[in-house]
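Q: Dropping the structure in here first, questions after.
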Amino acid sequence: MKRSDFFIRLTTGVIFLAVAFYVGVSLYNAIVNTFVTTSAMNYTIEETLTTRGYIVRTETVAQDYGVSVLPTAGEGERVAAGQAIAVEYMSPAALEAASELHSLRMMLSQLESTRSDDYSSSFDAIRELSSAVNTHDFSNLAEISMSVETSIFAADTDISALQHQIANLEGRDDGTRTIVAQMAGTFSHVVDGFEHIVPSTVYQMGPRELVASFSTPQQTHGFGKLVTEHRWYFAAIVDSSEASQLSQGDTKPVRFSGAFNEEVNMTIENISNSEDNLVVVLFSSDRGIHNVTPMRSLHAEIVMNVVSGIRVPKDAIHLDDDLNTFVYLQTAGFAERVAVEILDPPGIVGDSYLVRDGIETGSPLRVDSIIIVRANDLYHGRVIG
């Protein structure tokens with residue numbers, strides 16, 4: 001009985017000592033023998049300013065006077081002076097004849113492509129029509145319907161008769177007139193009534209006048225317009241205090257959102273006087289005019305500053321007696337002291353600093369370098385491992 005009690009006490013004592021030893025070792029490693037590293041990572045901080053504004057161009061409206069005008073130039077297409085940009089139909093009969101001619105040409109094209117095929121083309125056309133109906137995609141419905149019709153009735157259709165019918169329609173005096181561009185420019189179908197607002201007038205506008213000018217469009221009749229200059233402008237309304245960081249002649253990335261989801265490097269042409277703590281900052285670009293021809297009112301982000309460098313935990317930054325900043329890298333089994341430069345403006349990211357990449361400074365600090373965050377008795381040349 002006494003023997004059993006002795007063994008129980010002995011076993012309990014051994015377990016207690018084992019637990020105490022484990023706890024002791026853990027505390028020693030946590031307090032006395034700390035060694036923590038991390039990999040150097042590249043990181044970028046962007047300072048952006050959200051704004052709204054209006055696109056301004058030098059534009060001339062293409063007037064129409066007939067029953068109907070159908071543009072033949074595409075949106076954003078660059079056209080030369082004298083180039084055809086539209087067809088004007090002088091009467092309803094002319095428009096009807098043009099519509100018929102278009103349908104016959106489509107039918108002939110489909111017929112010629114399917115006449116040499118076997119009956120499988122008929123089933124392909126029907127499947128394509130069924131798919132369009134099921135998915136509610138009617139963008140090519142006219143072409144698909146024509147394909148079904150011609151593939152089914154191709155055997156009963158006289159191609160030569162269809163060609164003769166087309167020739168007769170083309171030979172008529174159909175009451176149409178080709179409209180040509182009076183000057184070179186970039187064509188747009190969109191006429192919104194603000195074409196009279198040109199860059200030279202925006203230079204003189206403050207925020208209130210700018211908003212008022214784009215509040216009520218003018219009554220304008222036209223089938224399209226020509227943008228006659230490559231350079232286009234974005235008049236942005238910006239808080240005066242934030243605009244103080246901008247200067248005329250600066251180039252800034254402007255990141256547009258919405259219908260025009262692009263980033264464009266733009267030059268600051270003018271900054272207006274302050275009104276109600278707001279100013280108009282006029283940006284310009286000579287790139288990509290064909291992308292913005294239908295646009296007018298847009299939201300954007302102005303990228304004010306970009307800071308990029310190596311992200312280093314604050315605990316890894318050391319300061320010597322001369323106030324020089326440095327870190328220790330784990331290099332080939334040794335601790336290596338490396339000077340670092342904290343980026344200005346202060347690149348602070350949570351509990352880390354951004355420092356200049358060693359590629360720029362000539363130091364060994366690079367992306368994926370092993371940074372020693374914490375270690376006991378750390379000095380240059382200490383053996384690690």
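Q: Can you spot a residue in segment 300-315 that is in contact with a Phe, Trp or Tyr (Cβ under 6 Å, 6 or more places away or on another chain) and closer than 30 Å to THR267 by Cβ?
A: yes
Q: Go through the residues of segment 306-322 one by one and say whether even a single one is within 30 Å of TYR233 (Cβ to Cβ) and open to solvent by less than 30 Å² (accessible area, probe 1.4 Å).
A: yes
Q: What is the residue count in segment 333-348 for residues that are of a type outside the set (D, E, K, R), at pLDDT below 90 and open to solvent by 20 Å² or more (accessible area, probe 1.4 Å)?
A: Total satisfying the criteria: 4.
Q: Could I ask something else about it? Scanning for something within 30 Å of VAL254 (Cβ to Cβ), in contact with a Gly (Cβ under 9 Å, 6 or more places away or on another chain) and modelled with pLDDT of 90 or more, does segment 47-57 turn up at least one residue?
A: no
Residue-by-condition table, conditions (1) under 30 Å from SER257 (Cα atoms); (2) part of a strand (DSSP E or B); (3) of a type in the set (D, E, K, R):
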{"site": "ARG287", "(1), (2), (3)": "yes, no, yes"}
{"site": "HIS290", "(1), (2), (3)": "yes, no, no"}
{"site": "THR293", "(1), (2), (3)": "yes, no, no"}
{"site": "HIS299", "(1), (2), (3)": "yes, yes, no"}
{"site": "ASN305", "(1), (2), (3)": "yes, yes, no"}
{"site": "GLY309", "(1), (2), (3)": "yes, yes, no"}
{"site": "VAL312", "(1), (2), (3)": "no, yes, no"}
{"site": "ASP321", "(1), (2), (3)": "no, no, yes"}
{"site": "TYR328", "(1), (2), (3)": "no, yes, no"}
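Q: Determine, yes or no, whether VAL303 is open to solvent by 10 Å² or more (accessible area, probe 1.4 Å), under 15 Å from the mean Cα position of the chain (by Cα) and of a type in the set (A, V, I, L, M).
A: Spelling it out, it is not the case that VAL303 is open to solvent by 10 Å² or more (accessible area, probe 1.4 Å), under 15 Å from the mean Cα position of the chain (by Cα) and of a type in the set (A, V, I, L, M).
Q: From the list SER297, SER284, SER308, SER274, exactly one residue is among the small types (Gly, Ala, Ser), touching a Pro at 6+ places or on another chain (Cβ under 8 Å) and touching a residue at least 24 places away in the same chain (Cβ under 8 Å). Which is it?
A: SER284
Q: State all residues of segment 198-221 that are buried (at least 16 other Cβ atoms within 10 Å of the Cβ), more than 27 Å from the chain's Cα centre (by Cα) and either more than 28 Å from VAL238 (Cβ to Cβ) or not aliphatic (A, V, I, L, M) (or both); if no residue qualifies, say none.
A: Correct list: GLY206, SER213.
Q: Hey, another quick one. Going through segment 350-374 one residue at a time, which ones are at positive phi and in contact (Cβ under 8 Å) with a residue 24 or more places away in the chain?
A: Passing the criteria: only ASP368.
Q: Anything in segment 271-288 that is within 24 Å of PRO217 (Cβ to Cβ) and open to solvent by 10 Å² or more (accessible area, probe 1.4 Å)? List them, or say none.
A: The answer is SER272, GLU275, LEU278.
The values are calculated or read from the model by the stated rules, or taken from the named source; none is laboratory data. Please read these numbers as outputs of a predicted model, since none were measured by experiment. Ideal geometry is used to build each Cβ from the backbone, glycine not excepted, and the neighbour counts take in all protein chains shown. Just so you know, the surface numbers come from the protein's heavy atoms only, side chains and all, with ligands and any DNA or RNA stripped out. Shrake-Rupley method; radii C 1.70, N 1.55, O 1.52, S 1.80 Å.
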